[in-house]
Amino acid sequence: MSVVDVGAFILGPEVARLEEQLAAHADVAHAVTCGNGTDALQLALMGLGIGPGDAVFVPTFTFVAPAEAVVLVGAEPIFVDVRADTFNLDPEDLLTAAAEYRGSGRPCAVIAVDLFGLPADYARLRSITADCGWSLIADAAQSFGASLGGTAVGGLADVTTTSFFPSKPLGCYGDGGALLTESSSLDGLFRSLRAHGKGSQKYDNVRIGMNSRLDTLQAAILLEKLAILENEIVARQNIADRYGACLPTDVVVPEVTAAAQSAWAQYTIRTNRRDDVAASMRADGVESAVYYPLPLHRSRAYAAFPGSNRAFPVAERLAGEVLSLPSHSYLTDDEQAMVVRSVASAIGT
Ligand SMILES: *Cc1c(COP(=O)(O)O)cnc(C)c1O
């Protein structure tokens, strides 16, 4: 109500306050909010100067946004397979993809995605990108609030992007996104790029930009939700622990290494009878979801890129086996027991 009373709907004081708190929460120097997580990826690429003639590595088993942002800035996506145990970009296949790439772009960056809330293998990715002179972008749309080796998501890559879409770990009541970085020059560039490429004065346009801002109303909502984010992640960790202990051993449950804290955007199991299990659960009145049924290299809009023309055996297998179970922070014990019973009866144990 105070946002409505004051009327500063665009870049009002709540936006600046949220940016300060996001940076503090992620322990990085700068946070810049924007319109959504897809724009955040595009702004990251624009800020790093990536465009026509460049090529960017992206995992093939993920939401489409990272590949889409690469194409929108005029660069070419090079798809990379993922690891079956983490669902995240496989650093060894990254090296294979680089060696086998026959497109026309100059490889210059990697977008790693922290799928389902688990940070990717940034130690290995940083060593590869440093050796090759590539930039490293973390798509943390599903992992804001997670950490790896004691470093919060936000400090694991050159630029980290996130989304405040309602179903993400830190969700607002509409669309929103942000970029995180240690670099003050990138911070300045992102602020210019999100506002039509403005210079020091509003109508002095010094570069080609976008119109991509977080609404003040959404910032006010996010300030409240950020304050309870840690508790919500603890609640989802408890749910994950209980699923891990109670689900039938015939399904593969997600593993999290000791060094990582997942944000648990999704709790995703694997079974080679996925469609039967989902149908049986649906008959019990239990929802589930498949993220993602089709790897990007196979989607109609991306199949023709040179970087799609390789084998991606792990992504192919995962697309047929993954099933995400109900796992939000407010799931009750009874509800979770009902999910477990439903999966067990579907599996026949
Ligand atoms: C949701 C999501 C995005 C895009 O976020 P929007 O705010 O919906 O644009 C990007 N990457 C990943 C991995 C996502 O899950």
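The values are calculated or read from the model by the stated rules, or taken from the named source; none is laboratory data. Because the structure is predicted, anything quoted here is derived from the model rather than measured. Note: ideal-geometry Cβ built from the backbone for every residue, glycine included; neighbour counts use all protein chains shown. The area values use the complete protein model at the heavy-atom level, side chains included, leaving out ligands, DNA and RNA. Shrake-Rupley method; radii C 1.70, N 1.55, O 1.52, S 1.80 Å.
Points worth noting:
- Per residue, the chain reaches -11500 deg cm²/dmol at 222 nm when only DSSP H runs of four or more residues are counted, each adding -39500 (n - 2.57).
- Electrostatic dipole magnitude of the chain [Cβ: Lys, Arg +1; Asp, Glu -1; Cα centre; debye, to 20]: 700
- Overall, the accessible surface of the chain at a probe of 1.4 angstrom is composed of carbon and sulfur to the extent of 51 percent.
- Cα centroid separation, region 243-260 to region 28-57 (Å): 34
- Over all directions, the projected convex hull of the C-alpha atoms in the chain averages 17.9 nm² in area.
- Surface/4 of the Cα convex hull for region 137-296, nm²: 12.5
- Within region 67-148: Cβ-based charge dipole about Cα centre, in debye rounded to nearest 20 (Lys, Arg +1; Asp, Glu -1): 240
- Peptide packing for 157-167, 206-216, 283-293 was compared via the average number of neighbouring C-beta atoms within 10 Å per residue; ordered from the highest value, the list is 157-167, 206-216, 283-293.
- Applying 0.36 nm per residue to the separation of residue 20 and residue 259 and subtracting their alpha-carbon distance, the gain on full extension is 83.4 nm.
- For region 41-86, the relative contact order comes to 45 percent (Cα pairs under 8 Å, sequence separation of at least 6).
- Entry comment: accessible area of the chain is 43 Å² per residue, from protein heavy atoms only and a probe of 1.4 Å.
- Beta bridges by DSSP in region 31-176, antiparallel share as percent, to the nearest 5: 15
- Sorted on the mean count of surrounding Cβ atoms within 10 Å across their residues, most packed first, peptides 6-18, 69-81 read 69-81, 6-18.
- Computed lengthening from residue 202 to residue 9, 0.36 nm per intervening residue step minus Cα-Cα distance: 67.8 nm
- Taking the chain and dividing mean pair separation by its residue count, relative contact order in percent (alpha carbons under 8 Å, at least six apart): 21
- Full-stretch length increase - residue 241, residue 345 - with 0.36 nm per residue and alpha-carbon distance subtracted: 35.4 nm
- Options 311, 331, 296, ranked by Cα towards positive dipole end of region 216-349, top entry (Cβ charges): 311
- Only beta bridges with both residues in the chain are counted; by DSSP, about 55 percent of them are antiparallel.
- For region 257-349, diffusion coefficient by Stokes-Einstein and Kirkwood Rh (Cα), 4 °C, 1.567 mPa s, µm²/s: 86
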